[in-house]
1. Modelled label-to-label distance, LYS233 and SER52, 7 Å Cα→beta-carbon offset: nm?
2. Kindly state, to the nearest 0.05, the FRET efficiency for ASP262 paired with TYR60, given R0 = 22 Å and r defined as their beta-carbon distance.
3. Counting other beta carbons within 10 Å of each residue's own, what order do ASP262, ASP157 fall into, fewest first?
4. Just to be sure I follow: if Rg is taken over the C-alpha atoms of the stretch 247-321 and Rh is the Kirkwood radius over the same atoms, what is Rg/Rh?
5. Can you flag which of LYS189/LYS292; LYS164/LYS230; LYS208/LYS299; LYS230/LYS280; LYS33/LYS100; LYS225/LYS309 are past 32 Å Cα-Cα?
6. Between TYR297 and ASP276, how high is the FRET efficiency from 1/(1 + (r/R0)^6) when r is the Cβ-Cβ distance and R₀ = 22 Å? Nearest 0.05.
7. If each residue of separation counts as 0.36 nm, what is the full-extension length gain between LYS151 and GLU8 once their alpha-carbon separation is subtracted?
8. Distance in nm between label sites at ASN45 and GLU186, each 7 Å beyond Cα in the beta-carbon direction?
Amino acid sequence: MQLTKLTEEMQLAAEKSKTLYQEAINLIKYILKQAEALEPINLQNIFSITDSIINQMMLYDAEFLHLVNSADTSENYLCSHSLNVLILSIEVGLGLGYNKSRLNESSIGALFHDIKILKVSDLASQPKGLAKEEYDLIKERPFYGVELLQKIKGSSDVAIYVAKEQLERRGDSGYPRVLENGYIKEYAKLISLVEAYENLMRPYGSGKRYAPHEAIKEILSMGLKSFESKMVKALINRVGIYPVGTWVKLETGEIAKVLDLDRNLPLRPVVYIMFDKHEKRLKEPRILNLAKQYNVYIKRPLADEELEKIAKTQQERLNEAI
């Protein structure tokens, strides 16, 4: 009974999160059209949807993280990418102790952080390598974003400075290197980190796609010269090495899906075990909190091709049964 009730609550939360996600995508599409046409932007509409997302994530953030992890950005890349960065910035912001006011402010910066792509989208998405002149043009894109936002009535100061600074890095390794005294503002540093993570997971163009744990490893390899340690720690604790929605193989051989995270033990999430060690679907799947079951641990995440193979095997078994 308890498991059934929990499953029902999760389903209701999932449905609400999916609805909010789609509403946000539709709003972002409209806003970006306004921005491209240099039309005034109604920030109240943005605050309304981000406030709803923040409220939902404070109550139940697992489904939003799953939506980010499973998002298909092949169409409307800028809309999906902007929303995913917004959601990730809220999640990491919660880990940093931001209140709702700060979460709303950083969300505005997240939403418009990559508006500059509107001017260089053809170059940024092409599969071939960039010539030096083309790469120099890409490096100028923060100025395009600032120029666009400054011309739009109702644009926010946070959005402008995030658009300008989020590609900067500590130690003068980023661009366009126009910082005052080498100082990057906090929201820009936050958006810089979560966008780097999102770009590794879903690169723009033909770049390599990283699995979540690989993306975290890459972030860590960039070191403190690029990102602040407290923000990287919050990303790991809140988003996890194995984010919600990740399929994993346990050391028992069983296959499970990550349902929720333990903020203090990112390597030991709550999982939903659905297949036995022979990759047969369980008649009675079960939820297991690895933070309380220390004799069971995650062996590794499953690759996409492994999931496809399992799905194919299940279909073949179903056909044989018929």
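1. A separation of 3.6 nm, rounded to one decimal place.
2. That pair, ASP262 with TYR60, gives E of 0.90.
3. Arranged by neighbour count, lowest to highest, ASP262, ASP157 become ASP157, ASP262.
4. My calculation puts Rg/Rh at 1.01.
5. Violating the 32 Å limit, Cα to Cα: LYS189/LYS292; LYS230/LYS280; LYS225/LYS309.
6. 0.80
7. Full-extension gain reported as 46.7 nm.
8. Using points 7 Å along Cα→Cβ, the separation is 3.0 nm.
Computed from the coordinates by the stated procedures, all read-outs in this text should not be read as laboratory data. On a predicted model such as this, the values are computed, not experimentally measured, just so you know. No Cβ is skipped: glycine too gets one built from the backbone with ideal geometry, and neighbour counts run over all protein chains shown.
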